[in-house]
1. Give me the percent of DSSP beta bridges within the chain that run antiparallel, rounded to the nearest 5.
2. Remind me, relative contact order of the chain in percent, using alpha carbon pairs under 8 angstrom and six or more residues apart?
3. If you plug each phi of the range 153-160 into the Karplus form 6.51 cos²θ - 1.76 cosθ + 1.60 with θ = phi - 60°, what whole-Hz ³J(HN,Hα) values come out, in order, with x for Gly and Pro?
4. In the chain, carbon and sulfur make up what percent of the accessible area (probe 1.4 Å)?
5. Based on the alpha carbon coordinates of the range 84-138, what radius of gyration and maximum Cα-Cα distance (Dmax) apply, in Å?
6. Quick query: amide H of Y155 versus all other amide H atoms, modeled in the peptide plane; which residues come in under 5 Å with a sequence gap of 5 or more or a different chain?
7. Which entry is the computed percent of Cα pairs over 28 Å apart for this structure: [x] 40; [y] 49; [z] 11?
8. Whole-Hz ³J(HN,Hα) for each residue in the range 21-38, computed from phi via Karplus 6.51 cos²θ - 1.76 cosθ + 1.60 with θ = phi - 60°, x for glycine and proline: what do you get?
Amino acid sequence: VETFNLKNNFGGGIYSIVSSTLIESNLIKLNKASYAGGIYSRIASINLKNSFVNSNVADFFGGGLYNENSINIITNVSLEQNKANKGGGSYIFGAPAPNIKDCLYLDNYAHQFGGGIFNDFSNPSISNTVLDKNHTYFFYDPTGGGTVNNGGAIYNNSSHPTINNSVF
């Protein structure tokens, strides 16, 4: 169990780089870092299941999870009340095929993009997942576009997710 850690850079709760990690039946809560308040994975393989990733904060990317060029399998995980500038619940960058199944993304917040999930040059498979009450900051567009919402549930940048049997 990782709870209430304050890190300066990467992975407030768990940091995984060039490794293979099983995280099962854990509570990752109240952690803070510049990147990935909860779990940071880079060029890694993470199997996260039957866990809670709640109330974590990242200054930049991935309040709950940050996945860069990693193979992640996320099953039966609750990601709630995580915050970041981009990707409040999860930030997924350059990941070939992360798998998110039977998960709950609830009340996550991103200041700019992707309250629940921000996909950045990645192609995740999302199934049987609920994304509810995730939000981004609304701002007025001075060019005449009015109020803009930047992906409360999911924001995709050059990404091609496959989404099945999920609720938004």
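1. Percent antiparallel among DSSP bridges in the chain is about 5.
2. With pairs under 8 Å counted, the relative contact order is 15 percent.
3. Coupling constants for the range 153-160: 8, 9, 10, 10, 10, 6, 10, 9 Hz.
4. 52 percent
5. When restricted to the Cα atoms of the range 84-138, Rg and Dmax are 10.7, 30 Å.
6. Under 5 Å from the amide H of Y155: G114, I117, F118, N119.
7. [z]
8. 9, 9, 10, 10, 6, 10, 10, 10, 9, 6, 9, 9, 7, 5, 10, 6, x, x
The values are calculated or read from the model by the stated rules, or taken from the named source; none is laboratory data. Nothing here was measured: the structure is a model prediction, and the numbers come from that model. All Cβ positions, glycine included, derive from the backbone under ideal geometry; neighbour counts span all protein chains shown. What goes into the accessible areas is simple: the full protein's heavy atoms, side chains included, and nothing from ligands, DNA or RNA. Shrake-Rupley method; radii C 1.70, N 1.55, O 1.52, S 1.80 Å.
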